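*Asks:* A single structure is presented below for examination.
The values are calculated or read from the model by the stated rules, or taken from the named source; none is laboratory data. In this text, all values refer to a predicted model and were calculated from it rather than measured experimentally. Note: ideal-geometry Cβ built from the backbone for every residue, glycine included; neighbour counts use all protein chains shown. Heads up: the accessible areas ignore ligands, DNA and RNA and are worked out on the full protein's heavy atoms, side chains in. Shrake-Rupley method; radii C 1.70, N 1.55, O 1.52, S 1.80 Å.
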Amino acid sequence: MPMDKKKVKLRLENISQSYVVNNEVRDAVSNVSIDVYDNEFLVILGPGHCGKSVLLNIIGGLEKPVEGNKYIDGVKFTGSDKRIGMVFQRLALMPWKTVMGNVEFGPRLAGVDKATRRKIAQKYIDLVGLKGFEKAYPHQLSGGMKQRVGIARAYANSPEILLMDEPFGQLDAQTRIVMEEEIQRIWQQEKRTIIFVTNNIEEAVYLGDRIILLSKCPARVKQIYEINLPRPRNTMDPEFLRIRREVSENTDLAL
Amino acid sequence: MAQNTKTRSNQNNERIALIQKQRKRTQVQNTMLAASGILGFILIWQIAAVSGLVNSRYIAKPLEIVNLFIVKLTDPNPDGAVLGVNVMSSLAVSLSGFGLAVLIGVPLGLFMGWYRGFDSFMRPIFEIIRPIPPVSWIPLTIVWLGIGLKAKAIIVFFAAFVPCLINSYTGIKQTSEVLINVAKTCGASNFTIFRKVGIPSAMTLTFAGIKVAIGNAWATLVAAEMLAASSGLGYMILMGRQFGRVDLVILGIVVIGAIGLVISKLIDMLENKVLGWKKL
Amino acid sequence: MSRVKTAAMSSSERKAYYLNRLYMILPVISVLLLLLLWTTASLNSDFPSPVETWNRLIELFERPIKNKTIIGHTLASLTRVFLALAFNWTFGIAFGILIGWNKKCRALFTPLFNAFRAVPPLAWIPLITMWFGIGEFPKALTVIIGSIAAVVVNTQAGLSNVQQIYLDVGTMFNANVRQKLFQIAIPSALDAIFAGVRTSTSAAWMVVLAAEMLGAKSGVGFLITRGMDSMDMPLVLMSMAVIGIVGAMLAVVTQFAERLICPWTRKRSN
């Protein structure tokens, strides 16, 4: 898709969030405005505890912002919306459900009949490469496989926008690289608008069409990078390394 | 700009005040709900007693219980002892049984959890005794020890002993391997590690076991006193039943419950003091 | 044979090998010692020996008490237990869910429930027998009172400690409150509820015994009192043994049921 025909899918307007902690108001997100384009892979990059997850929770409707508005396709919305799905950071798989049970959870809540939701779930289980594990329980799976279930579960609810909150943060380095390749493959096969939060610069440059760099607390938009490298990207490519260094030098260090 | 920050800080203050107000409101609301729960219960009780829906042979008015409580402080009738004597007698039994259970159960559990040979020797005996409910020891203890303090204390002991042993056993089994290895590299002997690493790490669970144990002790005491005693609160209830004095039975239940509550509160306080380091 | 096996081992391996054998033999020794102790204790007193206790069991089959053999009495006790548990596992769990899920209900009922719970179950027996006599209903009621707290407390704890992230998943999938309760909160609390079921089962078994000892015409608790009243010590010991065995079996059965119903709790590392 040519980049000049960009259509805004999700618009955040002047989003601010703060909390009252010990009788003091603490700012977490300050005046963030972002446009997310249709079927774009957007990475939100920022130091630890800078309010990235808060921003994602606000988009997903898990938190209500103090100020600001959200729009999908130019129409304002509040709270959670079924056009938005989420892959959680901590493995929020239901331990009492099998892989199939977890993946079909969304359609089931939506009241989809059993045969249809089985078919949907099976499609995404196959897509994430878990064919044959439908009857396994989460505790029988490795960390990478659990995260695949998480991705399949989010996809199965057929959202238009997918939020990913540091999904690979707790995986070991090798698995992480594999999963980064996988999420790219899955996204290219089933295009969605993805908003991917991470604190890992290499991951951000490897995955993102654009990177939104946030400042440290409270989170503000510090810089936006467009990355036009062809996929799959080579992490040793000089251009890749140059962008990586540029982002790296601009990133705030967190304590 | 200065004005801008000022309005903002004003806004913040308003927000804090609002949140505090809300918090206070829920607190008041919860207290009201709790009080109305208890009051509602007493009201239903009163209505049942006054309206004659329930025969007065079977129920006493709440106020009559309070009256009886005052009378019973000085009047030994009909069970032969004033309330204070009954309470002291019950406390003596349950505390001696409970104390014995802690003194024997906790060290036994710690040693069994640490030394494998001792464990494999003691375990089967414990597993044989464990499923036998304490109450069923009553006939044997009566035959062996009569119906005095010792017999009842033994029954209470059986009830309190099991949680003491199981929890200290599990607690010391869960000692972190890392801590043990640290101690080993410092050249500590097995017994020193047991004393300095094993026992402290087992303390949290042991305390939880002691808490369960004292609850068990107090609960079993009633059974012991109903089946083999000539004084104490359990005996008082039983006598109330035999003389058809429903008020005495209810008073006994209330007093037993109240003392049980006080004991568990005391243990909670003690736990907070001893295991203060647990809370960061 | 064992020499051949140990010959190829290093000295520390050999030590571990012999220690392991010792650990296997020790339990046998301790049980034998216990039996020996029991037998010697019975030699010079009227305390029954293991053999006499066993014989008493056989005799009970030949000459039933109140028309019931030991099986009949055990079944009588078990019936009372299961009547009470059936009530507790429905009403108790429902009440636990109510006060675990709804904060207002929790505030309303918690103090009342705590006060009720502070009274030992056996203390209710005199009041219950005054009200309802000594039939089957008062006994079942006693067992209900004695074992409902465990179910309610565990269910309530399970439901009020549902991890927020699971509820967040529900929010992301647009679950309504009912779906959050039935599809997320209750399943995630199932292991806590099951802990309550297990505790309540063993508590019920203990309470039924006490209730029967205080006045009944059947049941294992009745057998104990009967033995005590007629100075039939073998009967007392035999009943105790049966009670212990049935109690242990109940524990095994509930554990098995838990594994069957909640297979995911078997091994959860985190």
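*Asks:* Collect the residues in region C:121-135 that are on the phi < 0 side of the Ramachandran plot, within 14 Å of chain B (Cβ to nearest Cβ) and without any contact (Cβ under 8 Å) to a residue 24 or more places away in the chain, keeping them in residue-number order.
*Replies:* Restricting attention to region C:121-135, the residues satisfying the condition of being on the phi < 0 side of the Ramachandran plot are C:121-132, C:134-135.
Among the residues that remain, those that are also within 14 Å of chain B (Cβ to nearest Cβ) are: C:121-132, C:134.
Those that are on the phi < 0 side of the Ramachandran plot, within 14 Å of chain B (Cβ to nearest Cβ) and without any contact (Cβ under 8 Å) to a residue 24 or more places away in the chain: C:123, C:124, C:126, C:127, C:128, C:130, C:131, C:132.
*Asks:* Can you name every residue in region A:93-113 that is within 13 Å of chain C (Cβ to nearest Cβ) and in a loop (DSSP other than H, G, I, E, B)?
*Replies:* Kept after step one, since they are within 13 Å of chain C (Cβ to nearest Cβ), are these residues of region A:93-113: A:93-99, A:101-112.
Result: A:93, A:94, A:95, A:96, A:97, A:98, A:104, A:110, A:111, A:112.
*Asks:* Sticking with this one: For the structure I just gave you, tell me whether residue B:142 is away from chain C (no Cβ under 14 Å), of a type in the set (Val, Ile, Thr), part of a helix (DSSP H, G or I) and open to solvent by 30 Å² or more (accessible area, probe 1.4 Å).
*Replies:* Details: away from chain C (no Cβ under 14 Å): no; of a type in the set (Val, Ile, Thr): yes; part of a helix (DSSP H, G or I): yes; open to solvent by 30 Å² or more (accessible area, probe 1.4 Å): yes.
Spelling it out, it is not the case that residue B:142 is away from chain C (no Cβ under 14 Å), of a type in the set (Val, Ile, Thr), part of a helix (DSSP H, G or I) and open to solvent by 30 Å² or more (accessible area, probe 1.4 Å).
Here is a yes/no grid of residues against (1) farther than 30 Å from residue B:16 by Cα; (2) buried (at least 18 other Cβ atoms within 10 Å of the Cβ); (3) out of contact with any strand residue (DSSP E or B) (no Cβ under 6 Å at 6 or more places or on another chain):
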position	(1), (2), (3)
A:15	no, yes, no
A:25	no, no, no
A:34	no, yes, no
A:44	yes, yes, no
A:48	no, no, yes
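*Asks:* So which of C:117, C:80 ends up being among the charged types (D, E, K, R), within 24 Å of residue C:193 (Cβ to Cβ) and either at pLDDT 90 or above or surrounded by 24 or more Cβ atoms within 10 Å (Cβ to Cβ) (or both)? Even if it seems obvious, please write down each step before you answer.
*Replies:* Details: C:117 fails: either at pLDDT 90 or above or surrounded by 24 or more Cβ atoms within 10 Å (Cβ to Cβ) (or both).
Step by step, each of C:117, C:80 is checked, and only C:80 is among the charged types (D, E, K, R), within 24 Å of residue C:193 (Cβ to Cβ) and either at pLDDT 90 or above or surrounded by 24 or more Cβ atoms within 10 Å (Cβ to Cβ) (or both).
*Asks:* Now, a different point. For residue C:228, state whether it is of a type outside the set (Ser, Thr, Tyr), surrounded by fewer than 23 Cβ atoms within 10 Å (Cβ to Cβ) and within 10 Å of chain B (Cβ to nearest Cβ). Reasoning before the result, please.
*Replies:* On the way: of a type outside the set (Ser, Thr, Tyr): yes; surrounded by fewer than 23 Cβ atoms within 10 Å (Cβ to Cβ): yes; within 10 Å of chain B (Cβ to nearest Cβ): yes.
Against the criterion (of a type outside the set (Ser, Thr, Tyr), surrounded by fewer than 23 Cβ atoms within 10 Å (Cβ to Cβ) and within 10 Å of chain B (Cβ to nearest Cβ)), residue C:228 qualifies.
*Asks:* Mind listing just one residue for me: the one in region B:10-57 that is in contact (Cβ under 8 Å) with a residue 12 or more places away in the chain and open to solvent by less than 100 Å² (accessible area, probe 1.4 Å) and, of those, farthest from the other protein chains (Cβ to nearest Cβ)? Reasoning before the result, please.
*Replies:* Taking region B:10-57 first, the residues in contact (Cβ under 8 Å) with a residue 12 or more places away in the chain are B:42, B:45-46, B:49, B:57.
Of the ones still in play, those that are also open to solvent by less than 100 Å² (accessible area, probe 1.4 Å) are B:42, B:45-46, B:49.
Numbers: B:42: 10, B:45: 12, B:46: 15, B:49: 13 Å.
Here the residue is B:46.
*Asks:* A further question on this structure: If you check B:145, B:110, B:103, which single one turns out to be within 25 Å of residue C:20 (Cα to Cα), assigned by TED's automatic domain parsing to the domain that holds residue B:237, out of contact with any Asp or Glu (no Cβ under 7 Å at 6 or more places or on another chain) and among the aliphatic types (A, V, I, L, M)? Can you show your working first?
*Replies:* Values: B:145 fails: within 25 Å of residue C:20 (Cα to Cα); B:103 fails: within 25 Å of residue C:20 (Cα to Cα).
Of the residues listed, the single one that is within 25 Å of residue C:20 (Cα to Cα), assigned by TED's automatic domain parsing to the domain that holds residue B:237, out of contact with any Asp or Glu (no Cβ under 7 Å at 6 or more places or on another chain) and among the aliphatic types (A, V, I, L, M) is B:110.
*Asks:* Filter region A:78-90 for residues that are of a type outside the set (S, T, N, Q), more than 9 Å from every other protein chain (Cβ to nearest Cβ) and open to solvent by 20 Å² or more (accessible area, probe 1.4 Å) and give the result.
*Replies:* Restricting attention to region A:78-90, the residues satisfying the condition of being of a type outside the set (S, T, N, Q) are A:79, A:81-88, A:90.
Okay, now just the ones that are also more than 9 Å from every other protein chain (Cβ to nearest Cβ), so A:83, A:87.
If the condition is that a residue be of a type outside the set (S, T, N, Q), more than 9 Å from every other protein chain (Cβ to nearest Cβ) and open to solvent by 20 Å² or more (accessible area, probe 1.4 Å), then A:83 is the only one that fits.
*Asks:* Applying the selection to region C:186-220, what residues are away from chain B (no Cβ under 14 Å), within 18 Å of residue C:254 (Cα to Cα) and either of a type in the set (D, E, K, R) or part of a loop (DSSP other than H, G, I, E, B) (or both)?
*Replies:* Selection gives C:189, C:191.
*Asks:* Would you confirm whether any residue within region B:115-125 is crowded, with 16+ Cβ neighbours inside 10 Å, within 14 Å of chain C (Cβ to nearest Cβ), over 25 Å from residue B:236 (Cβ atoms) and modelled with pLDDT of 90 or more?
*Replies:* no
*Asks:* Looking only at region A:222-255, count how many residues are part of a helix (DSSP H, G or I) and in contact with an Asp or Glu (Cβ under 8 Å, 6 or more places away or on another chain). So that I can check it myself, show each step before the final result.
*Replies:* Step one: list which residues in region A:222-255 are part of a helix (DSSP H, G or I), which gives A:238-250.
Those still in the list that are in contact with an Asp or Glu (Cβ under 8 Å, 6 or more places away or on another chain) too: A:244.
Summing the residues that are part of a helix (DSSP H, G or I) and in contact with an Asp or Glu (Cβ under 8 Å, 6 or more places away or on another chain) in region A:222-255 gives 1.
*Asks:* Mind listing just one residue for me: the one in region A:63-77 that is part of a loop (DSSP other than H, G, I, E, B) and free of Cβ contacts under 8 Å to residues at least 60 places away in the same chain and, of those, most open to solvent (accessible area, probe 1.4 Å)? Even if it seems obvious, please write down each step before you answer.
*Replies:* Quick first cut of region A:63-77, residues part of a loop (DSSP other than H, G, I, E, B) only: A:63-66, A:73-74.
From what's left, free of Cβ contacts under 8 Å to residues at least 60 places away in the same chain: A:63-66.
Working: A:63: 44, A:64: 175, A:65: 33, A:66: 76 Å².
The residue in question is A:64.
For every residue, the table says whether it meets (1) among the polar types (S, T, N, Q); (2) in contact (Cβ under 8 Å) with a residue 12 or more places away in the chain; (3) more than 14 Å from every other protein chain (Cβ to nearest Cβ).
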residue: B:167; (1), (2), (3): yes, yes, yes
residue: B:170; (1), (2), (3): yes, yes, yes
residue: B:176; (1), (2), (3): yes, yes, yes
residue: B:205; (1), (2), (3): no, yes, yes
residue: B:210; (1), (2), (3): no, yes, yes
residue: B:215; (1), (2), (3): no, yes, no
residue: B:219; (1), (2), (3): no, yes, no
residue: B:227; (1), (2), (3): no, yes, no
residue: B:230; (1), (2), (3): yes, yes, yes
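*Asks:* Next question. If I filter region C:138-160 for residues that are part of a loop (DSSP other than H, G, I, E, B) and either farther than 24 Å from residue C:203 by Cβ or open to solvent by 40 Å² or more (accessible area, probe 1.4 Å) (or both), do I get at least one hit? Don't jump to the end; show me each part of the working.
*Replies:* Here is the first cut: in region C:138-160, the residues part of a loop (DSSP other than H, G, I, E, B) are none.
For region C:138-160, residues part of a loop (DSSP other than H, G, I, E, B) and either farther than 24 Å from residue C:203 by Cβ or open to solvent by 40 Å² or more (accessible area, probe 1.4 Å) (or both): absent.
*Asks:* Can you find even one residue in region B:185-202 that is assigned to a helix (DSSP H, G or I) and aromatic (Phe, Trp, Tyr)? Explain how you work it out, then say what you get.
*Replies:* We begin by selecting, within region B:185-202, every residue assigned to a helix (DSSP H, G or I); these are B:185, B:190-202.
Within this subset, residues satisfying the condition of being aromatic (Phe, Trp, Tyr) are B:191, B:194.
Taking every residue of region B:185-202 in turn, at least one turns out to be assigned to a helix (DSSP H, G or I) and aromatic (Phe, Trp, Tyr).
*Asks:* Please determine, by comparing only the residues of region B:169-184 that are in a loop (DSSP other than H, G, I, E, B) and open to solvent by less than 80 Å² (accessible area, probe 1.4 Å), which one is farthest from residue B:126 (Cα to Cα).
*Replies:* Applying the filter and picking the extreme gives B:176.
*Asks:* Residue by residue through region B:221-271, note down the ones that are in a loop (DSSP other than H, G, I, E, B) and open to solvent by less than 40 Å² (accessible area, probe 1.4 Å). I'd like the intermediate steps shown before the answer.
*Replies:* Taking region B:221-271 as the starting set, the residues that turn out to be in a loop (DSSP other than H, G, I, E, B) are B:228-232, B:243-245.
Matches in region B:221-271: B:228, B:229, B:231, B:232.
*Asks:* When residue C:183 is evaluated against the numbered criteria (1) more than 10 Å from chain B (Cβ to nearest Cβ); (2) surrounded by fewer than 18 Cβ atoms within 10 Å (Cβ to Cβ), which criterion, by number, is the only one it fails?
*Replies:* (2)
*Asks:* Given the conditions (1) open to solvent by less than 40 Å² (accessible area, probe 1.4 Å); (2) assigned to a loop (DSSP other than H, G, I, E, B); (3) within 30 Å of residue B:57 (Cβ to Cβ); (4) of a type in the set (Val, Ile, Thr), and given that residue C:134 satisfies all but one, which numbered condition is not satisfied?
*Replies:* (1)
*Asks:* Conditions first: (1) in contact with a Lys or Arg (Cβ under 7 Å, 6 or more places away or on another chain); (2) open to solvent by 40 Å² or more (accessible area, probe 1.4 Å). Residue A:98 passes all but one, so which condition is the exception?
*Replies:* Among (1) in contact with a Lys or Arg (Cβ under 7 Å, 6 or more places away or on another chain); (2) open to solvent by 40 Å² or more (accessible area, probe 1.4 Å), the lone unmet condition for residue A:98 is (2).
*Asks:* Here's something else I'd like to know. When you scan region B:100-114, do you find a residue that is open to solvent by 30 Å² or more (accessible area, probe 1.4 Å) and over 22 Å from the mean Cα position of the chain (by Cα), even just one?
*Replies:* Keep residues of region B:100-114 that are open to solvent by 30 Å² or more (accessible area, probe 1.4 Å), which gives B:100, B:102-104, B:107-108, B:111, B:114.
Keeping just the survivors that are over 22 Å from the mean Cα position of the chain (by Cα) gives B:111, B:114.
Within region B:100-114, one or more residues are open to solvent by 30 Å² or more (accessible area, probe 1.4 Å) and over 22 Å from the mean Cα position of the chain (by Cα).
*Asks:* May I pose another question? Taking region C:101-120, which residues are within 22 Å of the chain's Cα centre (by Cα), part of a helix (DSSP H, G or I) and within 7 Å of chain B (Cβ to nearest Cβ)?
*Replies:* C:118
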